[in-house]
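Single-structure report; data block below.
Only the coordinates and a few stated rules stand behind these numbers; no lab work does. Computed from a prediction, not measured in an experiment: that's the story for all the values here. Cβ: placed from backbone, ideal geometry, glycine included. Neighbour counts: every protein chain shown.
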Amino acid sequence: MDVLFSLITVFAQASAEEVAAYGSDAGKAIALGVGGGLGAVGAGVGIGIIFGKVIESVTRQPEMRDEITSIQWLGFALTEACFFYGLVAGLIAFFL
Amino acid sequence: MSTRRKIVLAIVGFYVGSIVLLVAIFGFTRRDNDEFKPQEEFRLETWFSLPGPLDFNKAVFYVIVAGLLTVGSMLYIANRMQAHPNRVQTAVETIYQFMRNITGGNMDDRMARKWFPFIGSLFLFIWFSNLIGYIPLPTNTHETFEVFGADIPAFAIYASTANVSVPLVLALVVFVAYNVEGIRAKGLFGYLKSLVPEGVKGPMVGFIFILEFVSNFMRLVSLSVRLFANILAGHLIILFMSGGLAVLLGLEVLGAITLPAGVILFVFEVGLVATLQAFIFATLSAIYLGGAVAEHH
């Protein structure tokens, strides 16, 4: 690790403090990107499954539509919240 | 060409034209702005101190306004009930029926009668808190502008539910309520025993018990963070899309590019997320309360 670090300082022609500062900035940006991006991937898949299943079940049993709609919004909100857990963790890492 | 098509083409043309115009005037260079800090929008500046450890700030202001709206609007309608309802009364009756369905669908009749006022006021309070959060009010005392020599706080959107403490307190009330209700219905040991689902046997019982016991506390976290994170992320993304990014990067054309997304997200947040989060919070509270006293877990 030390060898890698000194190599980076030589190549970048920067002082050790500068490299550490860049590393800290990059880490924050990566945290926000991963928290927001990967969170959106998982929640996107989940919301897609929910709405796909709702369409499927409403076409099978149209008379159940009202009941299914209320469950659909419950599932949508519960899944969507998972995206915000990741995003908020990323924002905390970025700003605090 | 039909009229609708002309309107759509005119809007798209205006959008593209304004982007080209802004690039032509200001160029496409990025000048990072270090003075504007987006997190300052959510900082709570003390307006005045109250006796004890209490401070009055904009979050407290929003909580009080939401509470007054909840009580005031319902009392106003309740005192003016008519046999032939006007439009406002019909709307309130629809909301009332909606709240009846939340409690009635998730608890038995006795529990629903007992807990309907709690779940109903929880729903209305969160709903009003979320909705008044999207009205720009002069509450940002951190930034001021001058009108005829008087310092006016900048107009800002802020919701008390975008601060983790308000949803956490509401979630704590629900947490205490359903645990107490469960212990009253089954006794302490009966309640702890009912945490384990039926049909679990042998050494798995201890493992499942610990899992369910911890997940009880996770409900506290998920209930509060879900509401808080939804509203906070909604406000942040409205802020960024409707000009915050352009100010942050010092890139004028970005404001014109992202403004339509800002308007669409604003409508999405007001129309869906504000109501949906209040509905989810009330529904989950009702499910937890109903599940705590139900015979079979």
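Kirkwood radius, segment B:192-242, all distinct C-alpha pairs, inverse of mean reciprocal distance: 13.6 Å.
Report the FRET efficiency, 1/(1 + (r/R0)^6), for B:Ile257 and B:Phe213, where r is their Cβ-Cβ distance and R0 is 35 Å, rounded to 0.05.
Numbers: r = 51 Å, r/R0 = 1.45.
Calculated transfer efficiency: 0.10.
Here the relative contact order of segment B:208-297, from alpha carbon pairs under 8 Å that lie six or more residues apart, stands at 25 percent.
Karplus-based coupling profile of segment B:70-76, in residue order and whole Hz: 4, 5, x, 5, 5, 5, 4, with θ = phi - 60° in 6.51 cos²θ - 1.76 cosθ + 1.60 and x standing for Gly or Pro. Gyration tensor over the Cα atoms of chain A: the corresponding equivalent ellipsoid has semi-axes (square roots of 5 times the eigenvalues, largest first) of 48, 12, 6 Å.
At a Förster distance of 51 Å, what's the computed FRET efficiency of A:Glu67 paired with A:Ala31, Cβ-Cβ distance as r, to 0.05?
The formula returns an efficiency of 0.80 here.
Counting only lysines at least 8 places from B:Lys58 when in the same chain, those with an alpha carbon closer than 22 Å to its own are B:Lys37. Summarised in one figure, the compactness ratio Rg/Rh of chain B, Cα atoms and Kirkwood Rh, is 1.07. P(r) for segment B:1-111, from all Cα pairs and a bin width of 5 Å, is 2, 7, 8, 8, 8, 8, 7, 11, 14, 12, 8, 5, 2, 0 %, short bins first.
Counting charges near B:Gly187 (Lys, Arg +1; Asp, Glu -1) among other residues having Cβ under 14 Å from its Cβ returns a value of +1.
Which distance in Å, rounded to a whole number, links the C-alpha centroids of segment A:20-37 and segment B:65-125? If we compute the Cα centre of each part, the gap is 46 Å.
Take each residue of peptide B:166-172, count the partner chain Cβ atoms within 10 Å of its Cβ, and average: the result is 0. Computed from the C-beta positions of A:Ile55 and A:Ser15 and an R0 of 45 Å, the FRET efficiency is 0.15 to the nearest 0.05. Here the protein assembly as shown is treated with +1 on each Lys and Arg Cβ and -1 on each Asp and Glu Cβ, and its dipole about the Cα centre works out to around 1360 debye. Mean per-residue shielding of peptide A:76-89 is 5, counting Cβ atoms of other chains within 10 Å of each Cβ.
Rg/Rh for segment B:210-297 to two decimals, with Rh computed the Kirkwood way over all alpha-carbon pairs. Intermediate results must be reported in sequence, preceding the final value.
Working: Rg = 18.9 Å, Rh = 15.5 Å.
Here Rg/Rh amounts to 1.22.
In summary, the aspartates and glutamates within cross-link reach of A:Lys53, defined as a Cα separation below 18 angstrom excluding same-chain residues under 8 places away, comprise A:Glu63, A:Asp66, A:Glu67, A:Glu80.
Taken over the protein assembly as shown, the ratio of Cα radius of gyration to 2.2 N^0.38 Å equals 1.20. Three semi-axes describe the equivalent ellipsoid of segment B:142-297; taken as square roots of 5 times the Cα gyration tensor eigenvalues and ordered largest first, they are 46, 17, 13 Å. Counting only other chain Cβ atoms within 10 Å of each residue's Cβ, the peptide B:218-228 averages 2.
For segment B:132-140, 3J(HN,Hα) computed residue by residue from phi via the Karplus equation (6.51, -1.76, 1.60; θ = phi - 60°) reads 5, x, 9, 8, x, 10, x, 10, 7 Hz, glycine and proline entered as x.
Per-residue ellipticity at 222 nm from helix content only, as computed over chain B with -39500 (n - 2.57) for each DSSP H run of at least four residues, stands at -23000 deg cm²/dmol.
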